[in-house]
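Trainee: Mind having a look at this structure? Questions to follow.
The values are calculated or read from the model by the stated rules, or taken from the named source; none is laboratory data. No experiment lies behind these values; they were computed from the predicted model shown. When we count neighbours, we look across all protein chains shown, and the Cβ atoms used for this are built from the backbone with ideal geometry, even at glycine.
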Amino acid sequence: MTCRLYEEQLSSYMDGELAGARAARLEAHLQTCPHCQAELDAIGGIAMRLRAVSDALQVSHDFDRRVLRAFGYYQVTGWTRPTKSYLRPLVCIALSLLALLAGVWHYFTRPFEPPPVWQPQPAVPVIAPAAPSAPIPVAPDRESRRSQR
Amino acid sequence: MEDAVRTAGWSTDGRLAMADDATLVAACAQRKPGAFQELLSRYRRPAITLAYQMLGDLEDAEDVAQEAFVRVFQAIPRFRGQAAFSTWLYRIVTNLCLGNRRRRKATVELEAVREPSAPDSPSQQVTEVLLTRQVLDAMPPELRAILLLRDQEGLSYTEIAEALRLPLGTVRSRLSKARTAFRRIWHELSGAGDEVS
C-alpha cells in the first residue's frame with residue numbers, strides 16, 4: 001500500500017474512527033514513514049487553528065437580549081427580572097443606613113436656637129374702673145311703640 | 001426529566017447552571033423562566049463562532065445565530081430529544097449559513113495577511129487567525145461546514161451525520177477531503193514551505 005492510500009485514512013485515524021485491523025496497519029506504517037507522520041500532525045493542527053479564530057472572536061454584549069426580544073420571550077414566559085435573593089437584605093440594610101444618616105444630618109445641621117432667657121416683665125399699670133356713663137339709648141321695640149300710641 | 005424540572009430551582013439558586021441540556025430543554029418546553037437564558041449562555045458563543053467561520057462576517061453571523069435560537073426556542077415544545085440539543089442547534093445554524101445568499105466577503109486583504117513578523121509574536125498570531133479565515137473562505141461551503149463541526153465544535157461522526165443528514169461514510173470521506181483542501185489552500189495562500197502543523 002502506498003502513502004497515498006494511507007493518507008486517505010489519516011483523517012479517520014486521527015478521530016479514532018478507523019477500524020482495528022486497518023488502524024494497526026496504519027500505525028505500523030507511521031512508525032516507518034515520516035511523511036505520513038507529518039501529515040497526521042498537520043491534520044491535528046487544523047483544529048488548533050480553527051479554535052484560535054473562535055477564541056479571538058468578540059461577541060456583542062447585547063446578543064442575548066436581542067435573541068430573547070426577537071423570540072418574544074417576555075410575553076411567552078411572563079417573566080420579569082426577579083430581585084436576587086441575596087440582594088434583598090443588602091438593600092434593606094442600605095436603606096436603613098440612609099435613613100439613619102439623614103436623621104443625623106438633620107440633627108446636626110438644623111439652625112441654632114438659643115434657649116430662652118428669663119427677663120423681668122415691666123409692671124402692668126392698674127387701670128381704674130371706668131366711671132358710669134349715660135345709658136345707651138335703645139330704640140323702642142314695636143310693642144312699646146304701639147302702647148305709646 | 002419532568003421531575004428534574006420540578007425539583008430543580010429555576011429562579012436564582014444556581015442549580016440551573018448545573019442542569020444538563022435535556023433538563024433545560026424540558027424546562028424551556030414548560031416555559032420555565034431562566035431555562036432559555038441558560039441554554040442561550042451555553043450555546044451563544046459556539047453558534048456565533050460556527051456562523052462566523054461559515055460566513056466570514058460577524059454581523060451576519062450574529063444575525064444567523066439569532067435566527068437559529070429563535071427557531072429553536074419556538075420549536076422546543078415539539079423537540080423529541082432524538083438528537084442532542086447541540087446537534088439540533090448546529091444543524092439549524094449550518095443550514096441557515098448554507099442558505100444565506102447575502103453573504104459578504106471578508107474584508108481582510110491577503111496582502112495584509114502576508115505581512116512578515118517574528119514567530120510566535122502577537123502579530124504572528126493575528127496573521128495566522130486571518131489566514132485561517134481566508135482559507136475557510138476559499139473552501140467549498142459543504143466542506144467548510146463539515147470541517148467546522150468536527151474540528152471546531154468537536155461533534156462526533158454520528159452527530160455530524162445527524163446534523164447534516166448525511167450517511168456516515170459520506171461524513172468520513174467528506175471530512176478527509178475537507179482537511180486535505182484546508183491544508184492545500186493554506187499552503188497556497190501562505191507561500192511555499194509554510195505548512196499547517
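Trainee: Here is a check on your reading of the model: is B:LEU155 outside the structural domain of B:ALA83 (by TED's automatic domain parsing), of a type in the set (A, V, I, L, M) and under 12 Å from the mean Cα position of the chain (by Cα)? Give the steps one after another, and end with the answer.
Mentor: Details: outside the structural domain of B:ALA83 (by TED's automatic domain parsing): yes; of a type in the set (A, V, I, L, M): yes; under 12 Å from the mean Cα position of the chain (by Cα): yes.
Criteria met by B:LEU155.
Trainee: Right, something else. Within the set of pairs 6 or more residues apart or between chains, which connect a residue that is touching a residue at least 12 places away in the same chain (Cβ under 8 Å) and closer than 17 Å to B:LEU50 by Cα inside segment B:72-87 to a residue that is hydroxyl-bearing (Ser, Thr, Tyr) and part of a helix (DSSP H, G or I) with Cβ atoms less than 8 Å apart?
Mentor: That search, which allows pairs on different chains as well, returns B:PHE85/B:TYR43; B:SER86/B:TYR43.
A quick yes/no check of all residues on (1) of a type in the set (Lys, Arg); (2) in contact with a Phe, Trp or Tyr (Cβ under 8 Å, 6 or more places away or on another chain); (3) at positive phi:
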| residue | (1), (2), (3) |
| --- | --- |
| B:MET139 | no, yes, no |
| B:GLU142 | no, no, no |
| B:LEU149 | no, yes, no |
| B:GLU153 | no, yes, no |
| B:TYR157 | no, no, no |
| B:ARG172 | yes, yes, no |
| B:LYS177 | yes, no, no |
| B:ARG184 | yes, no, no |
| B:GLU188 | no, no, no |
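Trainee: Which of the residues spanning segment A:55-74 are surrounded by fewer than 18 Cβ atoms within 10 Å (Cβ to Cβ) and at the interface with chain B (Cβ under 7 Å from one of its Cβ atoms)? Step through it out loud before you land on a result.
Mentor: Going through segment A:55-74, the residues surrounded by fewer than 18 Cβ atoms within 10 Å (Cβ to Cβ) turn out to be A:55-62, A:65-66, A:69-70, A:72, A:74.
Result: A:ALA56, A:LEU57, A:VAL59, A:SER60, A:ARG66, A:ALA70.
Trainee: Looking only at residues that are out of contact with any helix residue (DSSP H, G or I) (no Cβ under 8 Å at 6 or more places or on another chain) and either modelled with pLDDT of 90 or more or at the interface with another protein chain (Cβ under 10 Å from one of its Cβ atoms) (or both) in segment A:12-24, which one is surrounded by the fewest Cβ atoms within 10 Å (Cβ to Cβ)?
Mentor: As a first pass, look at segment A:12-24 and keep what is out of contact with any helix residue (DSSP H, G or I) (no Cβ under 8 Å at 6 or more places or on another chain): A:16, A:19-21, A:24.
If we keep only those that are either modelled with pLDDT of 90 or more or at the interface with another protein chain (Cβ under 10 Å from one of its Cβ atoms) (or both) as well, we get A:16, A:24.
Numbers: A:GLY16: 9, A:ALA24: 11.
The qualifying residue surrounded by the fewest Cβ atoms within 10 Å (Cβ to Cβ) is A:GLY16.
Trainee: Given the conditions (1) modelled with pLDDT of 65 or more; (2) within 23 Å of the chain's Cα centre (by Cα); (3) not in a helix (DSSP H, G or I), and given that A:PRO111 satisfies all but one, which numbered condition is not satisfied?
Mentor: Result: A:PRO111 fails condition (2) only.
Trainee: Please specify each residue of segment B:45-64 satisfying the condition of being at the interface with chain A (Cβ under 8 Å from one of its Cβ atoms) and surrounded by 20 or more Cβ atoms within 10 Å (Cβ to Cβ).
Mentor: Correct list: B:ILE48, B:THR49, B:TYR52, B:GLN53, B:GLU62.
Trainee: Name the one entry in B:LEU168, B:LEU131 that is more than 8 Å from chain A (Cβ to nearest Cβ) and surrounded by 18 or more Cβ atoms within 10 Å (Cβ to Cβ). Before the answer, list the steps.
Mentor: Working: B:LEU168 fails: surrounded by 18 or more Cβ atoms within 10 Å (Cβ to Cβ).
That would be B:LEU131, the only listed residue that is more than 8 Å from chain A (Cβ to nearest Cβ) and surrounded by 18 or more Cβ atoms within 10 Å (Cβ to Cβ).
Trainee: Quick one: what pairs do we get from segment A:2-23, first residue of a type in the set (Gly, Ala, Ser), second surrounded by 12 or more Cβ atoms within 10 Å (Cβ to Cβ) and in a loop (DSSP other than H, G, I, E, B), C-beta under 6 Å, 6+ apart or different chains?
Mentor: Pairs found: A:SER12/A:LEU18.
Trainee: While we're here: Would you mind finding the one in A:LEU97, A:LEU68 that is at pLDDT below 90, of a type outside the set (S, T, N, Q) and over 24 Å from B:ASP151 (Cα atoms)? Before the answer, list the steps.
Mentor: On the way: A:LEU97 fails: at pLDDT below 90.
Only one candidate qualifies: A:LEU68.
Trainee: Here is a further query. Could you grab me the full set of residues in segment A:26-53 that are under 14 Å from A:THR2 (Cα atoms) and facing chain B (nearest Cβ under 8 Å)?
Mentor: Those that are under 14 Å from A:THR2 (Cα atoms) and facing chain B (nearest Cβ under 8 Å): none in segment A:26-53.
Trainee: Right, another one. Run A:ALA52 past the list (1) crowded, with 17+ Cβ neighbours inside 10 Å; (2) modelled with pLDDT under 90; (3) under 30 Å from B:ASP63 (Cβ atoms) and report the number of the one that doesn't hold.
Mentor: (1)
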